[in-house]
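Chemist: Just passing along the structure, written as structure tokens.
The values are calculated or read from the model by the stated rules, or taken from the named source; none is laboratory data. The structure presented is a predicted model; accordingly, all values stated were derived computationally and were not measured. Glycine also receives a Cβ, built like all others from the backbone with ideal geometry; neighbour counts cover every protein chain displayed.
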Amino acid sequence: MKIIVAIKQVPARDSQLRIAPSGKWIEEDDLSYEINEPDAYALEAGLQLKEKHGGEVVALCAGPARAAATIKEALAKGADRAIHIEEDMAAFDPLAAARLLAAAVKGEGADLILTGLQSDDLGYGQTGVILAELLGVPHATIVMQVEVNGAGIRVKRELEDGWFQHVDMPLPALLTIQSGISKLRYATLMGIKKAKTKEVRRLSAESLGAAAAPSVVVERIYLPERSKHTQLFEGSPKEAAAKLVEKLKFEARVI
């Protein structure tokens, strides 16, 4: 089974974020970076499937040169090889990013493509499902468990209010993996040594014929604006209490 896992490098969760002078993104010069947490669980799911059923795990990452550190981490944890699309992804919206990833994996003949549910930095939650559509393969989202079932797979999806859904799917397929479904492994010393000898194929958007043509443009990012507002409820205490509960439930959404 050939499994491709899409991973992304994002700012570390404990980073102090500052808005860049342009107002369109954050200052990146002094940030530390790490693998996107949902993608780390996708990688773990892929490695567990390989350990049970054999095959190959390929890490796929689109990002600038610094993303090589995240790729090395994936290789040290057990991925067999990697594909690095060396591009600054700031101009790529989910559709443009999915087109880039699709161009990189079309010739791989993967049985299964895994992505995280969403990215920690932008949180669109769309790249995986758009990638499935571009590749013409079935997909499932918010996946909690994956089992090989004959020539296909059976997945467990998380729904609302504690409900789950079990779906049988043919291969090839694409799954977006939910965070927290298993315990993440650490890279061993032997794994770190082996990572230095593993293949990393480097590509670019130009070589793939998938230059950025964003359909979504970020005009401005800013800190949430705080404001105070006082509202008096008229009527009897019972009527005022009912109005207060309605406001808390449907506007403030705290109950």
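Chemist: So Leu31 passes all but one of these: (1) in a strand (DSSP E or B); (2) in contact with a Pro (Cβ under 7 Å, 6 or more places away or on another chain). Which condition number does it fail?
Modeler: Condition (1) is where Leu31 drops out.
Chemist: Touching a residue at least 40 places away in the same chain (Cβ under 8 Å), within 30 Å of Lys24 (Cβ to Cβ) and among the hydrophobic types (A, V, I, L, M, F, W, C): which single residue out of Leu101, Leu112, Leu134, Leu122 fits that description?
Modeler: Numbers: Leu112 fails: within 30 Å of Lys24 (Cβ to Cβ); Leu134 fails: touching a residue at least 40 places away in the same chain (Cβ under 8 Å); Leu122 fails: touching a residue at least 40 places away in the same chain (Cβ under 8 Å).
Residue meeting the stated conditions: Leu101.
Chemist: Given the options Leu203, Leu248, Leu208, Leu244, name the one that is in contact with a Phe, Trp or Tyr (Cβ under 9 Å, 6 or more places away or on another chain), surrounded by 10 or more Cβ atoms within 10 Å (Cβ to Cβ) and at pLDDT 85 or above. Walk me through it before giving the result.
Modeler: Values: Leu203 fails: in contact with a Phe, Trp or Tyr (Cβ under 9 Å, 6 or more places away or on another chain); Leu248 fails: in contact with a Phe, Trp or Tyr (Cβ under 9 Å, 6 or more places away or on another chain); Leu208 fails: in contact with a Phe, Trp or Tyr (Cβ under 9 Å, 6 or more places away or on another chain).
The conditions single out Leu244.
Chemist: If Pro214 satisfies every condition in (1) surrounded by 14 or more Cβ atoms within 10 Å (Cβ to Cβ); (2) at pLDDT 90 or above but one, which is the exception?
Modeler: Result: Pro214 fails condition (2) only.
Chemist: Does any residue in the stretch 196-225 that is free of Cβ contacts under 8 Å to residues at least 40 places away in the same chain come within less than 6 Å, Cβ to Cβ, of a residue that is surrounded by 11 or more Cβ atoms within 10 Å (Cβ to Cβ) six or more places away or on a different chain, and which pairs are these?
Modeler: Taking only residues 6 or more apart or on different chains, the pairs are Ala211/Ala205.
Chemist: Only one of Ala42, Ala79 is buried (at least 23 other Cβ atoms within 10 Å of the Cβ), at negative phi and in a loop (DSSP other than H, G, I, E, B). Can you tell me which?
Modeler: Working: Ala42 fails: in a loop (DSSP other than H, G, I, E, B).
Exactly one of Ala42, Ala79 is buried (at least 23 other Cβ atoms within 10 Å of the Cβ), at negative phi and in a loop (DSSP other than H, G, I, E, B), namely Ala79.
Chemist: For the stretch 213-244, which residues satisfy the criterion of being among the β-branched types (Val, Ile, Thr) and within 37 Å of the chain's Cα centre (by Cα)? Can you show your working first?
Modeler: Of the stretch 213-244, the ones among the β-branched types (Val, Ile, Thr) are 216-218, 221, 230.
Of everything in the stretch 213-244, those that are among the β-branched types (Val, Ile, Thr) and within 37 Å of the chain's Cα centre (by Cα) turn out to be Val216, Val217, Val218, Ile221.
Chemist: From the list Ala65, Ala91, which residue is free of Cβ contacts under 8 Å to residues at least 60 places away in the same chain and surrounded by fewer than 21 Cβ atoms within 10 Å (Cβ to Cβ)?
Modeler: Working: Ala91 fails: free of Cβ contacts under 8 Å to residues at least 60 places away in the same chain.
Within the list Ala65, Ala91, the selection yields Ala65.
Chemist: Filter the stretch 117-137 for residues that are outside any loop (DSSP other than H, G, I, E, B), out of contact with any strand residue (DSSP E or B) (no Cβ under 9 Å at 6 or more places or on another chain) and closer than 30 Å to Ser32 by Cβ and give the result. Spell out how you get there, then give the answer.
Modeler: Initially, the stretch 117-137 is screened for residues outside any loop (DSSP other than H, G, I, E, B), giving 127-135.
Okay, now just the ones that are also out of contact with any strand residue (DSSP E or B) (no Cβ under 9 Å at 6 or more places or on another chain), so 130, 134.
Across the stretch 117-137, the qualifying residue is only Ile130.
Chemist: Follow-up question, since we're still on this one. Identify, from the list Lys52, Lys24, the residue that is in contact (Cβ under 8 Å) with a residue 40 or more places away in the chain, part of a loop (DSSP other than H, G, I, E, B) and either charged (D, E, K, R) or closer than 19 Å to Arg202 by Cα (or both).
Modeler: Just a single option satisfies the conditions, and that option is Lys24.
Chemist: Just to check your reading of the model, which residue among Ala98, Ala103, Ala132, Ala110 is over 16 Å from the mean Cα position of the chain (by Cα) and buried (at least 20 other Cβ atoms within 10 Å of the Cβ)? Break it down into steps so the answer makes sense when it comes.
Modeler: Numbers: Ala98 fails: over 16 Å from the mean Cα position of the chain (by Cα); Ala103 fails: buried (at least 20 other Cβ atoms within 10 Å of the Cβ); Ala132 fails: over 16 Å from the mean Cα position of the chain (by Cα).
Step by step, each of Ala98, Ala103, Ala132, Ala110 is checked, and only Ala110 is over 16 Å from the mean Cα position of the chain (by Cα) and buried (at least 20 other Cβ atoms within 10 Å of the Cβ).
Chemist: Another question about this same structure. Could you please find all residues in the stretch 171-197 being β-branched (Val, Ile, Thr) and closer than 16 Å to Ala42 by Cβ? Walk me through how you get there before you give the answer.
Modeler: Initial filter on the stretch 171-197 (β-branched (Val, Ile, Thr)): 176-177, 181, 188, 192, 197.
If the condition is that a residue be β-branched (Val, Ile, Thr) and closer than 16 Å to Ala42 by Cβ, then Thr176, Ile177, Ile181 are the ones that fit.
Chemist: Right, here's the next one. When you go through Thr188, Thr176, Thr197 one by one, which is the residue that is of a type in the set (S, T, N, Q) and in contact with a strand residue (DSSP E or B) (Cβ under 8 Å, 6 or more places away or on another chain)? Walk me through how you get there before you give the answer.
Modeler: Numbers: Thr188 fails: in contact with a strand residue (DSSP E or B) (Cβ under 8 Å, 6 or more places away or on another chain); Thr197 fails: in contact with a strand residue (DSSP E or B) (Cβ under 8 Å, 6 or more places away or on another chain).
Residue meeting the stated conditions: Thr176.
Chemist: Could you tell me how many of the residues in the stretch 217-241 are surrounded by 13 or more Cβ atoms within 10 Å (Cβ to Cβ) and either of a type outside the set (Val, Ile, Thr) or under 22 Å from Ala65 (Cα atoms) (or both)?
Modeler: Here is the first cut: in the stretch 217-241, the ones surrounded by 13 or more Cβ atoms within 10 Å (Cβ to Cβ) are 218, 221, 233, 240.
Narrowing further to those that are either of a type outside the set (Val, Ile, Thr) or under 22 Å from Ala65 (Cα atoms) (or both): 233, 240.
Number of matching residues: 2.
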